[in-house]
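Each remark here refers to the structure printed beneath this line.
The values are calculated or read from the model by the stated rules, or taken from the named source; none is laboratory data. Predicted, not measured: the structure shown is a model, and the values here were computed from it. So basically every Cβ, Gly included, is an ideal-geometry build from the backbone, and we count neighbours across all protein chains shown.
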Amino acid sequence: MAKKEEFQHESIQDNHTVSQYLQALIDGLESGTIVLNSEDKQIIFHPGDLMEMVIKAKKKGDKNKISLKFSWKDTPGGRTEPVRITT
Amino acid sequence: MEYIIENFRFLVIEAETQVKLTYGLLSDFRISVLEKILSKDDYIDNLKATVENACFSKIHILKGHVDQKKINDIRALHIISVNLERIADYCVNIARQTEYLSDLAFFRRYDYHSMFTEIQKGLSRIIPVFNGRGLSGALEICRIESRMDQLYKESFDRIMVELKEGRQVGNLITTIFIFRYLERIGDALLNIGEALIFAILGDRIKIRQIDALQKTLSEAGFKEDLSDIDFSSFWGSRSGCRISKVGQKNPASFTTQGVFKEGVLKKIKREQENIRRWEEIYPGIVPKIFGYHENQDTASLLVEFLPGCTLDQIILTENADSVRDVIFIFEETLSDIWQKTLTPGPFDTDYMAQLKSRLEGVYRVHPQFYRPAQHLGALRIRSSEDLIHACTDLEKSAPAPFTVFIHGDFNVNNIVFNQGEEKVYFIDLHRSRKADYVQDASVFLVSIFRMPVFDLELRERLNTVTLYFYEWFADFALKNADSTFQFRLALALARSFYTSIRFELNRDFAREMYLRSLFLMEQTSAHQGRPLSDFILPESVLFY
């Protein structure tokens with residue numbers, strides 16, 4: 001079974017700092033590589049060309065929540081062109 | 001109840017018989033006696049089970065008809081029965097050891113008579129003490145244990161010397177075993193004595209504490225028997241102090257109630273000294289001391305019991321007008337104390353050091369509340385350790401501009417309000433000292449935050465009080481030209497939030513406080529290089 005690698009961060013932040021965290025992710029998405037480190041563990045993501053994206057937002061009374069989710073599968077052999085079948 | 005007591009009496013008699021037989025066996029070995037001791041074992045076990053069953057079913061029947069005295073008696077009888085059976089078991093153990101002695105005369109060279117005399121004396125007192133409710137008799141039974149320990153030590157030391165000579169090793173080891181069982185019988189007698197005290201006083205109080213209380217009371221001028229005292233144990237403390245409410249059963253002669261505290265010498269001593277200091281600084285703000293007594297490592301203190309409600313009870317249960325009145329009196333008092341004791345001159349705070357010294361306790365309860373150093377792409381996220389380190393350095397550059405005499409553990413529940421007198425009292429004063437008022441301010445604010453109150457309306461009330469006091473503290477800072485108030489408060493709050501989670505088992509609530517602490521440390525450390533007086537506390541951290 002494949003090894004499960006995980007990164008988790010939780011904090012309370014002000015608006016400005018949350019933007020900085022998001023910007024760090026945007027930079028990674030644009031460059032094609034997101035590196036996450038926690039202590040001596042590192043996970044390197046190469047976001048795919050096609051990604052599933054879910055944006056959820058909830059408001060209930062005084063409680064608010066926006067969650068963003070991106071998921072994708074690594075393609076075998078990296079970013080090679082798919083094999084075309086010609087006739 | 002008669003059925004329990006009847007079987008209990010049998011059990012006492014059987015234990016006494018077992019002890020007598022064992023003594024006889026050691027003095028004059030006869031195989032018939034050994035067999036008799038061994039054969040009684042099952043019978044005594046059954047007898048104990050009978051008493052135990054009867055005790056539990058009686059408690060079950062009594063359910064709903066709370067007769068506390070009867071329930072206490074049953075509990076005591078049960079504890080005594082368990083220990084009597086244990087004593088009988090030790091006798092069997094001793095009897096079996098005789099098989100390993102090559103010659104009983106070897107054993108008889110040691111003083112086992114004195115230990116048996118003590119045991120017999122103890123056992124013979126159980127029934128009379130239980131019936132007559134004599135506290136001194138119960139204390140006598142308790143004290144046997146320390147004499148048994150002493151007797152054991154004498155024989156033990158002698159055996160150790162003889163063992164070094166290298167002869168009769170087998171006999172010597174068997175002899176040690178026998179003495180060890182006798183010493184354990186002493187421990188069982190202590191449990192029995194303490195159970196009797198429980199039946200008499202209605203409070204689980206240890207002999208050490210009784211001795212301390214007796215001495216403390218005699219210093220307070222109380223001359224009657226301790227059994228005239230009404231004990232009610234009303235809270236156990238987190239910090240290992242024993243606290244009981246003490247009053248007299250007959251209210252006609254001695255009406256004042258006291259709070260009895262017994263614990264580590266250093267802490268109780270400091271509390272006593274601080275109460276006296278408070279009495280000089282601000283007379284009437286603290287309970288009166290009735291008595292104080294020191295032992296080798298422990299001390300005990302008897303202080304006046306203050307009738308009234310703690311501030312947290314008032315905030316949660318009284319109507320808005322009453323809360324406002326109480327808060328008004330409280331803030332007047334506090335302002336008065338702070339103004340009166342204000343001494344100008346810089347004072348180095350140690351909020352981060354306080355945090356560090358309690359981290360172990362935090363991790364014991366919540367090992368996951370630690371943040372490692374992280375990177376999110378190019379963004380560096382500081383570890384909790386790194387944050388504490390950075391804030392420790394920064395704290396050095398922000399001394400408090402003055403000191404006041406602080407409470408030192410300014411939890412809302414350490415403030416008592418007497419509605420009759422319309423007066424505020426401070427309790428739990430072992431940490432009072434000249435220091436930064438921000439220490440008290442932060443402990444006070446976090447003690448409101450961390451109240452496990454999740455009802456929206458009540459939380460709203462807590463948040464209102466928090467905001468009120470935050471502004472009140474800020475106003476005090478402003479009036480006294482304290483320009484780094486917000487910065488120091490952020491550090492002190494980070495400390496209070498982080499250390500509070502060691503008392504909070506609700507993981508989500510603890511997490512909330514832990515994250516707030518990290519946030520405050522991130523905010524303060526990010527301020528490095530800028531004037532500390534510009535720092536603005538993100539005050540929303542104060543509200544839940």
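For residues in region B:270-318 being farther than 26 Å from B:Ile329 by Cβ and assigned to a loop (DSSP other than H, G, I, E, B), which is modelled with the highest pLDDT?
Restricting to residues being farther than 26 Å from B:Ile329 by Cβ and assigned to a loop (DSSP other than H, G, I, E, B), the top hit is B:Asp297.
Among the residues of region B:383-392, is there at least one that is surrounded by fewer than 16 Cβ atoms within 10 Å (Cβ to Cβ), more than 9 Å from chain A (Cβ to nearest Cβ) and farther than 28 Å from A:Gln23 by Cα?
no
To keep it simple, each residue is scored yes or no on (1) buried (at least 16 other Cβ atoms within 10 Å of the Cβ); (2) in a helix (DSSP H, G or I); (3) in contact with a His (Cβ under 8 Å, 6 or more places away or on another chain).
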{"site": "B:Ala441", "(1), (2), (3)": "yes, yes, no"}
{"site": "B:Val446", "(1), (2), (3)": "yes, yes, no"}
{"site": "B:Glu471", "(1), (2), (3)": "no, yes, no"}
{"site": "B:Leu493", "(1), (2), (3)": "yes, yes, no"}
{"site": "B:Ser496", "(1), (2), (3)": "yes, yes, no"}
{"site": "B:Tyr514", "(1), (2), (3)": "yes, yes, yes"}
{"site": "B:Leu520", "(1), (2), (3)": "yes, yes, no"}
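Enumerate the pairs (first residue in region A:27-44 and more than 7 Å from every other protein chain (Cβ to nearest Cβ) and under 15 Å from B:Ile381 (Cβ atoms); second residue anywhere and part of a strand (DSSP E or B) and among the polar types (S, T, N, Q)) with beta-carbon separation below 9 Å, excluding pairs fewer than 6 apart on the same chain, so at least 6 apart or on different chains.
Matching pairs, first to second residue: A:Ile43/A:Asn37.
Those residues that are more than 18 Å from B:Phe485 (Cβ to Cβ) and free of Cβ contacts under 8 Å to residues at least 60 places away in the same chain, I need them from region B:518-544; list them, please.
Passing the criteria: B:Phe519, B:Ala526, B:Gly529.
Among the residues of region A:14-26 satisfying the criterion of being over 11 Å from the mean Cα position of the chain (by Cα) and more than 7 Å from chain B (Cβ to nearest Cβ), which is farthest from B:Phe519 (Cα to Cα)?
A:Gln23
Step by step: first the residues of region A:45-60, then only those that are within 14 Å of another protein chain (Cβ to nearest Cβ) and not in a strand (DSSP E or B), then the one that is farthest from the chain's Cα centre (by Cα). Which residue is that? I'd like the intermediate steps shown before the answer.
To start, the set of residues in region A:45-60 that are within 14 Å of another protein chain (Cβ to nearest Cβ) comprises A:45-47, A:60.
Subset that is not in a strand (DSSP E or B): A:46-47.
Numbers: A:His46: 9, A:Pro47: 7 Å.
Going through the qualifying residues, I end up with A:His46.
Could you identify the single residue in B:Glu224, B:Glu154, B:Glu219 that is charged (D, E, K, R) and modelled with pLDDT of 80 or more?
The conditions single out B:Glu154.
Counting residues that are assigned by TED's automatic domain parsing to the domain that holds B:Leu25 and within 19 Å of B:Thr17 (Cβ to Cβ), which helices (runs of 4 or more DSSP H) fully inside region B:102-164 reach at least 1?
Filter on region B:102-164 gives B:113-132, B:135-164.
Of all residues in region B:133-151, which are closer than 15 Å to B:Val12 by Cβ and at pLDDT below 90?
Once the filter is applied, which keeps residues that are closer than 15 Å to B:Val12 by Cβ and at pLDDT below 90, region B:133-151 yields B:Gly137, B:Ala138.
So, B:Arg502, is that one assigned to a helix (DSSP H, G or I), assigned by TED's automatic domain parsing to the domain that holds B:Ser357 and in contact with a Lys or Arg (Cβ under 7 Å, 6 or more places away or on another chain) or not?
yes
From the set of residues in region B:363-379 that are more than 14 Å from B:Met521 (Cβ to Cβ) and either touching a residue at least 24 places away in the same chain (Cβ under 8 Å) or in a helix (DSSP H, G or I) (or both), which is nearest to the other protein chains (Cβ to nearest Cβ)?
By that ranking, first place goes to B:His366.
So how many residues does region A:1-13 have that are without any contact (Cβ under 8 Å) to a residue 12 or more places away in the chain and more than 11 Å from chain B (Cβ to nearest Cβ)?
Looking only at region A:1-13, we keep the residues that are without any contact (Cβ under 8 Å) to a residue 12 or more places away in the chain, and these are A:1-4, A:10-13.
Subsequent filtering for residues that are more than 11 Å from chain B (Cβ to nearest Cβ) retains A:1-4.
Within region A:1-13, residues that are without any contact (Cβ under 8 Å) to a residue 12 or more places away in the chain and more than 11 Å from chain B (Cβ to nearest Cβ) number 4.
What is the number of the single condition among (1) within 33 Å of the chain's Cα centre (by Cα); (2) part of a loop (DSSP other than H, G, I, E, B) that B:Asp482 does not meet?
With (1) within 33 Å of the chain's Cα centre (by Cα); (2) part of a loop (DSSP other than H, G, I, E, B) applied to B:Asp482, the lone miss is (1).
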